[in-house]
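Below is one structure, written out as structure tokens, with a few remarks after it.
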Amino acid sequence: MAPGCGLSCLSSVIRPLSSMFESFRKFLSQVSQGEKQPAHFAHDDYRLAAAALLVHAAGIDGNVSDVERTALHAIIKQHFNLDEAQTDALVAEATEAEEEAIDLYHFTSLLNRELEEDGRRCVVEMMWEIAYADGHVSEFESNLIWRAADLLGVPSRERIELGRRVASEHGGGQG
């Protein structure tokens, strides 16, 4: 993972009030139910929106390889600090949300409301990690990341630099 976007990078840049409210809601839910329930992510959960963009990136070239599927799972698990069951649930829900979406705006507008600038950059970096997972960035993947970064307010220069950083970590050039 790149230096600027390490383990749980998004957790530290969420708007504090939203995070505090969510923690309180989870606490009340756990206390009232007495046991841990299977993971479910609300439609307005920034993690669901980010994961849906990652699912879209993995499948935009028409083929989700085993390498991309493994990378998708690992990236989501690490960046959102989830266990296996939570990661599986988030990937499943993100896949469903992505299939129902008609455009990127639904996801990017939620991320713009919930994440600070560093968090939005981190989402773009995760998209590059998915794109480079199979060793090659297709023109579809590159175009998707450009559009998503633009909607997230990540400048072209930073998008390109994030792509180069991820490429160097994967031992390749930008495609």
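The values are calculated or read from the model by the stated rules, or taken from the named source; none is laboratory data. All of these numbers come straight from a predicted model, not from anything done at the bench. Neighbour counts are summed over all protein chains in view; Cβ atoms, including those assigned to glycine, are modelled from backbone coordinates with ideal geometry.
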**Request:** Would you check which residues across region 40-99 are charged (D, E, K, R) and touching a residue at least 60 places away in the same chain (Cβ under 8 Å) and list them?
**Result:** D44, D61, E68
**Message:** So, in region 154-175, how many residues would count as being touching a helix residue (DSSP H, G or I) at 6+ places or on another chain (Cβ under 7 Å) and either surrounded by 14 or more Cβ atoms within 10 Å (Cβ to Cβ) or in a helix (DSSP H, G or I) (or both)?
**Reply:** 10
**Request:** For region 108-117, indicate whether the set of residues that are touching a Gly at 6+ places or on another chain (Cβ under 8 Å), at pLDDT 95 or above, assigned to a helix (DSSP H, G or I) and closer than 18 Å to A42 by Cβ is non-empty.
**Result:** yes
**Residues (among the hydrophobic types (A, V, I, L, M, F, W, C) and within 17 Å of R159 (Cβ to Cβ)) located in region 92-121** = L104, F107, L111, L115
**Scope region 98-142; condition more than 13 Å from V166 (Cα to Cα) and of a type in the set (V, I, T); matching residues** = I102, T108
**Message:** Restricting to region 75-92, count the residues that are surrounded by 14 or more Cβ atoms within 10 Å (Cβ to Cβ) and part of a helix (DSSP H, G or I).
**Reply:** 12
**Message:** Being surrounded by 14 or more Cβ atoms within 10 Å (Cβ to Cβ), at pLDDT 50 or above and farther than 13 Å from V91 by Cα is the requirement here; does E22 meet it?
**Reply:** yes
**Request:** Quick one: in region 113-150, of everything that is acidic (D, E) and more than 15 Å from V64 (Cβ to Cβ), which residue is surrounded by the most Cβ atoms within 10 Å (Cβ to Cβ)?
**Result:** E125
**Request:** Please tell me if E99 is closer than 24 Å to G171 by Cβ, modelled with pLDDT under 95 and part of a helix (DSSP H, G or I).
**Result:** no
**Request:** Residue by residue through region 135-175, note down the ones that are at pLDDT 95 or above and on the phi > 0 side of the Ramachandran plot.
**Result:** G153
**Asked** When both residues are 6+ apart or on different chains and their Cβ atoms are under 7 Å apart, which pairs have a first residue that lies in region 149-167 and is under 15 Å from I130 (Cα atoms) and touching a residue at least 12 places away in the same chain (Cβ under 8 Å), and a second that is acidic (D, E) and assigned to a helix (DSSP H, G or I)?
**Response** L162/E125; V166/E125; V166/E129
**Fill in**
Of T95, T70, T108, the only residue that is crowded, with 21+ Cβ neighbours inside 10 Å, hydroxyl-bearing (S, T, Y) and within 18 Å of H56 (Cβ to Cβ) is T108
